[in-house]
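The values are calculated or read from the model by the stated rules, or taken from the named source; none is laboratory data. Computed from a predicted structure; not experimentally measured. Note that we place each Cβ from the backbone using ideal geometry, even for glycine, and neighbour counts take in every protein chain shown.
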């Protein structure tokens, strides 16, 4: 098998969580802003796509070099052995981005990289005419930062947050990758109760169930690299079989999702059914001020509404105060809330044990963590 330099891309603030996941798969990592690098073969590509819960995509680094002119970009791109990756009929769209670089025109950079790859492939495959691009898709990205060019090939296709279970969603859905990261940050274990009091379309609760039963998040979808001629079918079959054997479908779970909006509860139930958790997650309509729970040492995780208009903000502030009051009746439970409200702790009536800066899309938020007491009988 071939050794590749691989890249798992991550949302800002989630790099260390993605790196932990990559390490858990058996690889050494190097982190940069939004990037986790590791090395692996075809089996590593399949495994990473199937198992990474918090990464956005898995890419192959095809080449890296410095370029300050279009000529340099063209010649150095053309010098790379693209025929090792791309078959003669490869469909290879090129996307680009450029930050703080002399080559700042992204459309021009994309066009030059495309042309250079075409020239290389025509020579490698002894073609004089156009390449028809009728085969499998190899999405290529040219990324230039401070004149350093990185050329990568996307092995995932649709972003890894597309798990395949979402039949519907609310107005401001939480990405599945961020939802999984929130669950992981709580260090919740499946023998403890878990509640999301702002469940919306059920994403956090469903991700918790997948983690609780050790189900690979990519088990229900396809990836671009599954259709690459040099990625043997057996590699994917083995990876999927391993994922199936690792799943613990008998693990009991106590997971509840509640929301004030009855329509979202129906959506959450439909999504849970699609994910295979219809019998395992309880969804019900409830306001947070009516919160009740049973058991000790539970975990409450939520992404309450943020609000932008004055009337909304007042309602949300009142809701955060309600939360602080009702959750205080459960001293052994730990509470984790993702919020853009800078006065969250003041409204909640308690200083967080820990805070972590995270981005929900482009919204800057804090993940407020209030750790519960140890139960008296332990």
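Within the range 54-65, at least one residue is in contact with a helix residue (DSSP H, G or I) (Cβ under 8 Å, 6 or more places away or on another chain) and over 23 Å from residue 158 (Cα atoms). Just to check your reading of the model, which residue among 327, 367, 291 is touching a helix residue (DSSP H, G or I) at 6+ places or on another chain (Cβ under 9 Å), under 22 Å from residue 208 (Cα atoms), in contact (Cβ under 8 Å) with a residue 60 or more places away in the chain and buried (at least 20 other Cβ atoms within 10 Å of the Cβ)? That would be 367, the only listed residue that is touching a helix residue (DSSP H, G or I) at 6+ places or on another chain (Cβ under 9 Å), under 22 Å from residue 208 (Cα atoms), in contact (Cβ under 8 Å) with a residue 60 or more places away in the chain and buried (at least 20 other Cβ atoms within 10 Å of the Cβ).
Among the conditions (1) free of Cβ contacts under 8 Å to residues at least 60 places away in the same chain; (2) more than 27 Å from residue 168 (Cβ to Cβ), the only one that residue 231 does not satisfy is (1). In the range 348-363, the residue that is nearest to residue 308 (Cα to Cα) out of those that are surrounded by 13 or more Cβ atoms within 10 Å (Cβ to Cβ) and either free of Cβ contacts under 8 Å to residues at least 12 places away in the same chain or within 23 Å of the chain's Cα centre (by Cα) (or both) is 360.
Among the residues of the range 125-139, those that are loosely packed, with under 15 Cβ neighbours inside 10 Å and in contact with a helix residue (DSSP H, G or I) (Cβ under 9 Å, 6 or more places away or on another chain) comprise 125, 127, 128, 129, 130. Within the set 212, 200, the sole residue that is free of Cβ contacts under 8 Å to residues at least 60 places away in the same chain, outside the structural domain of residue 137 (by TED's automatic domain parsing) and buried (at least 23 other Cβ atoms within 10 Å of the Cβ) turns out to be 212.
One residue stands out in the range 126-151 among those that are under 16 Å from residue 92 (Cα atoms) and over 27 Å from the mean Cα position of the chain (by Cα): the one that is modelled with the lowest pLDDT, namely 130.
Every condition in (1) assigned to a loop (DSSP other than H, G, I, E, B); (2) buried (at least 24 other Cβ atoms within 10 Å of the Cβ) is met by residue 58 except one, and the failing one is (1). Taken over the range 7-48, the criterion of being in contact (Cβ under 8 Å) with a residue 60 or more places away in the chain and in a strand (DSSP E or B) is satisfied by 7 alone.
Matching residues to (1) surrounded by fewer than 18 Cβ atoms within 10 Å (Cβ to Cβ); (2) touching a strand residue (DSSP E or B) at 6+ places or on another chain (Cβ under 8 Å):
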| position | (1), (2) |
| --- | --- |
| 6 | no, yes |
| 14 | no, yes |
| 17 | no, no |
| 22 | no, yes |
| 44 | no, yes |
| 49 | no, yes |
| 67 | no, yes |
| 83 | yes, no |
| 89 | yes, no |
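Look at residue 206 and say whether it is part of a helix (DSSP H, G or I) and on the phi < 0 side of the Ramachandran plot. Yes, satisfied.
Determine if the range 335-346 includes at least one residue that is in the same structural domain as residue 206 (by TED's automatic domain parsing), buried (at least 18 other Cβ atoms within 10 Å of the Cβ) and free of Cβ contacts under 8 Å to residues at least 24 places away in the same chain. Checking the range 335-346: at least one residue is in the same structural domain as residue 206 (by TED's automatic domain parsing), buried (at least 18 other Cβ atoms within 10 Å of the Cβ) and free of Cβ contacts under 8 Å to residues at least 24 places away in the same chain. Counting only strands (runs of 3 or more DSSP E) that sit completely within the range 236-337, zero hold 1 or more residues that are at pLDDT below 95 and more than 24 Å from residue 351 (Cα to Cα). All conditions in (1) assigned by TED's automatic domain parsing to the domain that holds residue 305; (2) in contact with a helix residue (DSSP H, G or I) (Cβ under 6 Å, 6 or more places away or on another chain) hold for residue 142, with the sole exception of (1).
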